[in-house]
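Take a look at the structure below.
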Amino acid sequence: MKVLDELIELQNKNGYLYQGDRCRTVFAPALGARVFCELDGRLLHRLDIENVRNPNKSFNNYGGNNFWPAPEGGPYGFNYRGKEWYVQPAINKEPFAIQTRTSNRAKAVKQVMLHNRFGAELEVIMQREFGMDRVPEQIRSLEPAASLAYTVTDSLEVRNEVSTGQALIACWTLEQFDATDQTVAFAKVGNPQQAINFDFYEHPQDRIRYGRDGFFYRVDGQKKGQIGIRKAAQAEYIGFYDLENKLLCIREIISQSGGLYFNMADNEQSQGPFSAADNFSIYNSDIDAGFFELETVAGAMVENNLLKGSRMTSRTSFARFDNRDAIEQFIQDLQ
């Protein structure tokens with residue numbers, strides 16, 4: 001049985017399936033409202049089906065497109081108890097519930113109690129709306145053999161009174177893919193040498209290559225690393241290509257709540273929680289994990305120094321080609 005077929009079977013009571021002529025997309029509320037896609041029979045996302053069968057890990061990293069609250073680290077991090085990295089049960093185990101669905105859209109919601117490293121308690125409604133979308137012009141113009149696009153609108157609503165002196169919170173999507181020696185991430189952004197925030201792990205050095213209208217980051221799942229793209233840089237999109245499999249992916253932020261941007265990263269944040277303000281990020285895992293992520297980040301909505309929540313709509317588009325020519329032309333246009 002193909003892994004996506006097994007995922008559909010395992011999630012059939014609570015999941016949502018969109019099936020087109022050449023694509024299938026699964027929206028899985030029980031798995032943190034993750035999204036998994038298939039195009040022309042090829043699974044596009046990383047999917048740990050064994051973890052889906054046995055969801056009993058301290059971090060159930062199923063793969064797909066995932067929705068988290070930021071920040072991860074720093075004084076207000078949601079992923080720490082003291083110095084211990086920790087995924088709290090509200091994120092790791094509590095399922096979303098489908099609220100509405102149509103032929104090509106679905107909405108899932110859950111109410112959670114989140115705790116941050118500072119000790120604040122946040123009563124939050126997490127909501128994710130999934131919908132199939134039109135493939136953008138920058139992909140359609142390449143005339144792919146097959147393509148698909150979908151959007152997710154993520155929102156966080158803080159229901160209790162929590163000040164910005166106690167916590168920060170924003171929508172954060174982490175879309176995960178299996179890495180190969182042919183996977184290269186990219187961003188379309190002006191002045192690319194000034195657009196990147198390297199304040200994560202060790203500098204990626206020669207894994208980064210700059211072009212005229214963007215940059216490239218080799219994401220082969222062989223060495224842990226991460227970069228951010230400053231919101232002020234106004235990047236148009238991020239993505240990745242795989243020449244061997246003739247695959248192209250683009251991720252865009254369609255709309256976002258704006259507001260207060262902050263350092264969402266898993267680092268010490270020695271210069272404070274406002275030491276960075278990124279709205280895109282790219283993560284490369286080490287060899288044991290073997291994946292990479294394309295990430296989008298929103299800002300926090302604040303009123304009278306109280307957190308109100310966050311909202312962001314992002315679109316992911318995939319295209320498969322019969323040969324490498326169109327992808328190589330796309331790459332050339334960024335160089």
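Here the spin labels are modelled as points 7 Å beyond Cα on the Cα-Cβ line, and at Asp48 and Gln234 they lie 4.0 nm apart.
Listed cross-link partners Lys57/Lys224; Lys224/Lys308; Lys13/Lys57; Lys224/Lys246; Lys2/Lys93 are compared with a 32 Å cut-off, the Cα-Cα value being larger for Lys224/Lys308. Straight-line reach from Lys107: taking Cα to Cα under 17 Å and skipping same-chain neighbours fewer than 8 places apart, the aspartates and glutamates in range are Glu94, Glu129, Asp133, Asp154, Glu157.
State to the nearest 20 debye the size of the charge dipole of the stretch 3-334 about its Cα centre, where the only charges are +1 on K and R beta carbons and -1 on D and E beta carbons. Could you put the intermediate results ahead of the total?
Values: 36 positive and 44 negative charges, 137 e Å.
It works out to roughly 660 debye.
For the stretch 141-184, give the magnitude of the charge dipole about the Cα centre (Cβ charges: +1 Lys/Arg, -1 Asp/Glu; no others), in debye to the nearest 20. Intermediate results must be reported in sequence, preceding the final value.
On the way: 1 positive and 7 negative charges, 38 e Å.
Here the stretch 141-184 has a charge dipole of around 180 debye.
Taking the charge dipole of the chain about its Cα centre, with +1 at Lys and Arg Cβ atoms and -1 at Asp and Glu Cβ atoms, the residue from Val52, Gln335, Phe198 reaching farthest to the positive side is Val52.
Build a GNM of the chain with springs between Cα atoms under 10 Å apart, and of Asn65, Asn304, Asn104 the one that fluctuates most is Asn304. Projecting the Cα atoms of His115, Ala90, Asn104 onto the charge dipole of the stretch 83-135, computed from C-beta unit charges around the Cα centre, puts Asn104 farthest toward the positive end. Two numbers describe the Cα atoms of the stretch 3-334: Rg and Dmax, which are 18.8, 55 Å.
Each peptide among 168-176, 155-163, 53-61, 214-222 gets the average number of other Cβ atoms lying within 10 Å of its residues, and from highest to lowest they stand as 168-176, 214-222, 155-163, 53-61. What the Cβ-Cβ distance of Ala289 and Glu94 gives, at R0 = 30 Å and to the nearest 0.05, is a FRET efficiency of 0.80.
Here the Kirkwood formula puts the hydrodynamic radius of the stretch 126-174 at 14.1 Å, using every distinct Cα pair.
Of the residues Gly73, Gly64, Gly272, the one that moves most in a GNM of the chain with alpha-carbon contacts below 10 Å is Gly272.
Once the piece of chain linking Asn323 and Asn191 is laid out straight, how much longer is it, given 0.36 nm per residue of separation minus the C-alpha distance between them? Can you show the working numbers first?
Numbers: separation 132, 0.36 × 132 = 47.52 nm, distance 3.08 nm.
This chain segment gains 44.4 nm when fully extended.
In this label model, Val3 and Tyr210 are separated by 3.7 nm, measuring between points 7 Å along each Cα→Cβ vector.
Only the coordinates and a few stated rules stand behind these numbers; no lab work does. Values in this document were obtained by computation on a predicted structure and should not be read as measured data. Virtual Cβ from ideal backbone geometry, glycine too; neighbours counted across all protein chains shown.
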